[in-house]
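J.: Below is one structure. I have some questions about it.
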Amino acid sequence: MSQERRATVRDVAARAGVSPGTVSKALNGTGQISDATRERIRAAAEEIDFRPNALARSVFERRSYTVGMITTDSFERFSVPVMLGAEDALGAGQISVFLCDGRGDPIREQHYVDVLLGRRVDGFIVTGRSSNRRPRLMGAGDVPVVYALTPSENESDCSVVVDDVASGRLAAEHLLRIGRTRIAHVTGPQHFDAARCRHEGFVSALAEAGKELTGSAMYGGWTEAWGRQATHILFRAHPDIDAIHYGSDLLARGGADALRELSRRIPEDVAIVGTDNWEIIAEGARPPLTSVDLRLTDVGRVAAQRLLDAIEGRPHSGTEIVPCQLVVRTSTDGNAG
């Protein structure tokens, strides 16, 4: 075909030796056309680089080239990075993602499932702002579903999650490596799996080095206010603390405020490590915050890849863990950055 114009249905028909009407029927999925003829039309279209419009393509291939993403993350702090990673894997402009916020309401979530099924989505990615297991998505029928960050209660479902235990270990190993010995831990609510797992990884790494946590683990909210309050409580009981691991970057920012109020220098007197590597927080902190990056974008990318496999008839099952990484900044290394 000449590059000066785009291939048409008539060009495909001439190449395949059929009428334009037969090509249209093949594209629209109508009429009684043999598999051999349909395949000949498909081959002819590929040979001359014929690209039907999106609607014709979706009907012809029995796919909508859309994916529904259902989240419970009203703040979009976690769902947006997951969605960006998913879009990377799904191909820019090739598969569209519909993002719907169920707000943790089963009725609202079911409504979105029904709406998205009405749009003939090829699959669902289910995510949220917690790594606690959730009930499996209801009403999806035989449409593939993959869970990202927030795993399914059904362990046979395909779930892609962060490594919360390893994130705690990385933080502890880093603080030990820079010579800190009086190390405390401030984190979120105890009913969050993420808080418990990060604490588990943190204290196990300390134990392997022959160290113990200074004071008790400080469980509370995922807020700056709790980070500030917990830090004051710790220093009233243990004024010689030389490092603190915070279970989130917001907690760490509140903790940094408290340390300034206590006239403790960061990192000279107290080194601090956050979790999430939320760049707007970590890089804007005073000083910039060392943090464990949970690689949420990679979680979304892997989840989308697993969903594509399922759409193509190769479903995955079980839980897949995406490794995390430490990003060192000035809050533990005065020479960093």
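J.: Looking at (1) open to solvent by less than 30 Å² (accessible area, probe 1.4 Å); (2) in contact with a Gly (Cβ under 8 Å, 6 or more places away or on another chain); (3) of a type outside the set (D, E, K, R); (4) farther than 25 Å from Pro81 by Cβ, which one does His238 not meet, given that it meets all the others?
T.: Here His238 meets the rest and fails (1).
J.: Quick check on Asp101: is it within 24 Å of Glu312 (Cβ to Cβ) and either touching a strand residue (DSSP E or B) at 6+ places or on another chain (Cβ under 9 Å) or modelled with pLDDT under 95 (or both)?
T.: No; evaluated as a whole, the condition is false for this residue.
Condition check ((1) on the phi > 0 side of the Ramachandran plot; (2) touching a Pro at 6+ places or on another chain (Cβ under 7 Å)) across all residues:
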{"position": "Met218", "(1), (2)": "no, no"}
{"position": "Trp222", "(1), (2)": "no, no"}
{"position": "Ala230", "(1), (2)": "no, no"}
{"position": "Ser263", "(1), (2)": "yes, no"}
{"position": "Asp293", "(1), (2)": "no, no"}
{"position": "Thr297", "(1), (2)": "no, yes"}
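J.: Another question, if that's okay. If you go through region 257-280, how many residues are touching a residue at least 12 places away in the same chain (Cβ under 8 Å), open to solvent by 10 Å² or more (accessible area, probe 1.4 Å) and either among the aliphatic types (A, V, I, L, M) or in a strand (DSSP E or B) (or both)?
T.: Number satisfying all stated conditions: 2.
J.: Check whether at least one residue in region 104-123 is surrounded by 15 or more Cβ atoms within 10 Å (Cβ to Cβ), assigned to a loop (DSSP other than H, G, I, E, B) and modelled with pLDDT under 90, and report yes or no.
T.: Yes, some residue in region 104-123 is surrounded by 15 or more Cβ atoms within 10 Å (Cβ to Cβ), assigned to a loop (DSSP other than H, G, I, E, B) and modelled with pLDDT under 90.
J.: Follow-up question, since we're still on this one. Quick check on my filter: what residues within region 318-337 are aliphatic (A, V, I, L, M) and either assigned to a loop (DSSP other than H, G, I, E, B) or open to solvent by less than 60 Å² (accessible area, probe 1.4 Å) (or both)?
T.: Result: Val322, Leu326, Val327, Val328, Ala336.
J.: Name the single residue that is surrounded by the fewest Cβ atoms within 10 Å (Cβ to Cβ) among those in region 288-312 being assigned to a helix (DSSP H, G or I) and among the charged types (D, E, K, R).
T.: Among residues in region 288-312 that are assigned to a helix (DSSP H, G or I) and among the charged types (D, E, K, R), the one surrounded by the fewest Cβ atoms within 10 Å (Cβ to Cβ) is Asp309.
J.: Here is a further query. Does at least one position in region 131-146 carry a residue that is part of a strand (DSSP E or B) and touching a Cys at 6+ places or on another chain (Cβ under 8 Å)?
T.: Yes, region 131-146 contains a residue that is part of a strand (DSSP E or B) and touching a Cys at 6+ places or on another chain (Cβ under 8 Å).
J.: Taking interchain pairs and intrachain pairs at least six residues apart, which have beta carbon atoms under 8 angstrom, with the first residue in region 218-247 and free of Cβ contacts under 8 Å to residues at least 24 places away in the same chain and the second of a type in the set (A, V, I, L, M)?
T.: Ile233/Met218
J.: Being open to solvent by less than 60 Å² (accessible area, probe 1.4 Å) and in a loop (DSSP other than H, G, I, E, B) narrows it down to one residue among Ala285, Ala225; which is it?
T.: On the way: Ala225 fails: in a loop (DSSP other than H, G, I, E, B).
Just one listed residue meets the conditions, Ala285.
Quick grid of which residues meet (1) of a type in the set (A, V, I, L, M); (2) within 26 Å of Glu312 (Cβ to Cβ); (3) touching a Gly at 6+ places or on another chain (Cβ under 7 Å):
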position: Phe124; (1), (2), (3): no, yes, yes
position: Ser131; (1), (2), (3): no, no, no
position: Val143; (1), (2), (3): yes, yes, yes
position: Pro151; (1), (2), (3): no, yes, no
position: Glu173; (1), (2), (3): no, no, no
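J.: On the basis of being of a type outside the set (Gly, Ala, Ser), in a loop (DSSP other than H, G, I, E, B) and open to solvent by 60 Å² or more (accessible area, probe 1.4 Å), does Arg180 make the cut?
T.: no
J.: Of all residues in region 124-151, which are hydroxyl-bearing (Ser, Thr, Tyr) and either loosely packed, with under 15 Cβ neighbours inside 10 Å or touching a helix residue (DSSP H, G or I) at 6+ places or on another chain (Cβ under 6 Å) (or both)? Full working, then the answer.
T.: We begin by selecting, within region 124-151, every residue hydroxyl-bearing (Ser, Thr, Tyr); these are 127, 130-131, 147, 150.
Thr127, Ser131 - these are the residues of region 124-151 that are hydroxyl-bearing (Ser, Thr, Tyr) and either loosely packed, with under 15 Cβ neighbours inside 10 Å or touching a helix residue (DSSP H, G or I) at 6+ places or on another chain (Cβ under 6 Å) (or both).
J.: Still on this model: Across region 183-214, what is the number of residues that are crowded, with 19+ Cβ neighbours inside 10 Å, without any contact (Cβ under 8 Å) to a residue 60 or more places away in the chain and not β-branched (Val, Ile, Thr)?
T.: Going through region 183-214 one residue at a time, the tally reaches 7.
J.: Would you check which residues across region 241-256 are outside any helix (DSSP H, G or I) and either open to solvent by 10 Å² or more (accessible area, probe 1.4 Å) or not aromatic (Phe, Trp, Tyr) (or both) and list them? Write out each step before concluding.
T.: Initial filter on region 241-256 (outside any helix (DSSP H, G or I)): 241-248.
Scanning region 241-256 gives Ile241, Asp242, Ala243, Ile244, His245, Gly247, Ser248.
J.: Then there is this: What are the residue pairs meeting all of these: first residue in region 34-50, first residue on the phi > 0 side of the Ramachandran plot, second residue surrounded by fewer than 16 Cβ atoms within 10 Å (Cβ to Cβ), Cβ atoms under 8 Å, and 6 or more apart or on different chains?
T.: Here the result reads Asp49/Met1, each pair linking region 34-50 to a residue that is surrounded by fewer than 16 Cβ atoms within 10 Å (Cβ to Cβ).
The values are calculated or read from the model by the stated rules, or taken from the named source; none is laboratory data. Not measured: the values here are computed from a predicted model. So basically every Cβ, Gly included, is an ideal-geometry build from the backbone, and we count neighbours across all protein chains shown. Keep in mind that these areas ignore ligands, DNA and RNA; they rest on the heavy atoms of the full protein, side chains included. Shrake-Rupley method; radii C 1.70, N 1.55, O 1.52, S 1.80 Å.
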